[in-house]
Amino acid sequence: MQIIITNHAKKRLKDYRQDKISLHDIKNAVQQIPGQVPTATRFRGFISSSGRIFDLVTKDIPNGRLVITIIGK
């Protein structure tokens with residue numbers, strides 16, 4: 001499955017609340033989501049390799065799975 005991360009999500013990684021969340025952490029989290037996600041849905045409680053908890057908003061598109069935004073805790 002191809003994982004597409006929006007420019008908005010990449011820009012949010014530079015914010016304080018998303019500090020220490022890497023693209024690798026996001027890709028691992030997206031791969032843990034089972035089944036199909038036809039509409040934008042928030043998935044909660046992922047943990048980055050640095051220990052930061054974060055949520056993802058993602059949906060499936062014809063090209064793969066689109067990560068719309070990242071919400072750090």
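No value in this document is a laboratory result; all are computed from the given coordinates. These figures come from a predicted structure and were not determined experimentally. Quick reminder, even Gly has a Cβ in these numbers, built from the backbone with ideal geometry, and neighbours come from all protein chains shown.
Each peptide in 36-45, 56-65 was scored by the mean count of other Cβ atoms within 10 Å over its residues; highest first, the order is 56-65, 36-45. Based on Cα contacts under 8 Å between residues 6+ apart, the chain shows a relative contact order of 40 percent.
Our estimate of slack between Ser22 and Ser50, defined as 0.36 nm per intervening residue step minus the Cα-Cα distance, is 9.2 nm.
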